[in-house]
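The values are calculated or read from the model by the stated rules, or taken from the named source; none is laboratory data. For clarity, every value in this text was computed on a predicted model and none was experimentally measured. Neighbour counts run over all protein chains shown; Cβ positions are idealised from the backbone, glycine included.
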Amino acid sequence: MTLPENLERVLPETGRDLFDALVIRTDFSDDEAWNAVVGELQRPWGPSGEFAAAVQLVDAPAWSGATADEVLAALVDEDLVVVFLADRGTMQSPVRALLAVSAVWEDVSGLDPVYYRELIESPEPREFRALPAAVHGVQVDLALGNGDFAEYAAEASAEPDQLLRPI
């Protein structure tokens, strides 16, 4: 997709706390669905809803149609562990599941296969789908190092519908 010259895919550089989930809207086909996602993301979270929602939303038409690779290429925040995309799948899903994409992805293509066979043959998962209510828990746990992306991806893939739900 070629962007008009006056639109740039720029992510905010300031104002995001370590525990703020970064959600980028890449599909603009359904404003009602987007508003439902935003409403879910702004609800308190935790076992009893004791934590205030902390989310930074990027709702800019320049991101329309952006792929996960394009989003990752634009990231400038070295502390960012995961980014959530509100893509076509999100807008078409009745539960508005977001695409969680690991921002700490390693390219294993140049590794020596003799020494790194296990890593090359089973690389870390790069993405999974999560319900909006699960986003904050994932963000906080990953930011604190209380889990890793692969654990969440495995948990999502173990579900019949492949969706991570809040714990």
| query | Which of (1) under 23 Å from ASP20 (Cα atoms); (2) modelled with pLDDT under 90; (3) among the polar types (S, T, N, Q) is the odd one out, the single condition SER109 does not satisfy? | reply | (1)
| request: Go through the residues of the stretch 135-155 one by one and say whether even a single one is within 27 Å of VAL10 (Cβ to Cβ), surrounded by 14 or more Cβ atoms within 10 Å (Cβ to Cβ), touching a helix residue (DSSP H, G or I) at 6+ places or on another chain (Cβ under 9 Å) and at pLDDT below 85. | output: no
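Test ASP77 against the criterion of being charged (D, E, K, R) and modelled with pLDDT under 95, and give yes or no.
On the way: charged (D, E, K, R): yes; modelled with pLDDT under 95: yes.
In short, yes.
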| message | Would you confirm, using the coordinates I've provided, whether ARG117 is modelled with pLDDT under 95, more than 16 Å from ARG165 (Cα to Cα), of a type in the set (Lys, Arg) and more than 12 Å from the chain's Cα centre (by Cα)? | response | yes
| query | What's the number of the condition ALA68 fails, among (1) surrounded by 11 or more Cβ atoms within 10 Å (Cβ to Cβ); (2) more than 22 Å from GLY145 (Cβ to Cβ); (3) over 13 Å from the mean Cα position of the chain (by Cα); (4) not β-branched (Val, Ile, Thr)? | reply | (3)
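Please verify whether the stretch 52-63 includes one or more residues that are among the small types (Gly, Ala, Ser), modelled with pLDDT of 95 or more and in contact with a Lys or Arg (Cβ under 8 Å, 6 or more places away or on another chain).
Kept after step one, since they are among the small types (Gly, Ala, Ser), are these residues of the stretch 52-63: 52-54, 60, 62.
After this cut, where a residue has to be modelled with pLDDT of 95 or more as well, the list is none.
Scanning the stretch 52-63, I find no residue that is among the small types (Gly, Ala, Ser), modelled with pLDDT of 95 or more and in contact with a Lys or Arg (Cβ under 8 Å, 6 or more places away or on another chain), so the answer is no.
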| task | State the number of residues belonging to the stretch 122-132 that are at pLDDT below 95 and either of a type in the set (S, T, N, Q) or closer than 15 Å to GLU40 by Cα (or both). | result | 1
| message | Return the pair list, or none, for Cβ contacts closer than 7 Å from residues in the stretch 145-167 that are touching a residue at least 24 places away in the same chain (Cβ under 8 Å) to residues that are of a type outside the set (Asp, Glu) and exposed (fewer than 13 other Cβ atoms within 10 Å of the Cβ), at least 6 apart or on different chains. | response | ALA156/GLN162
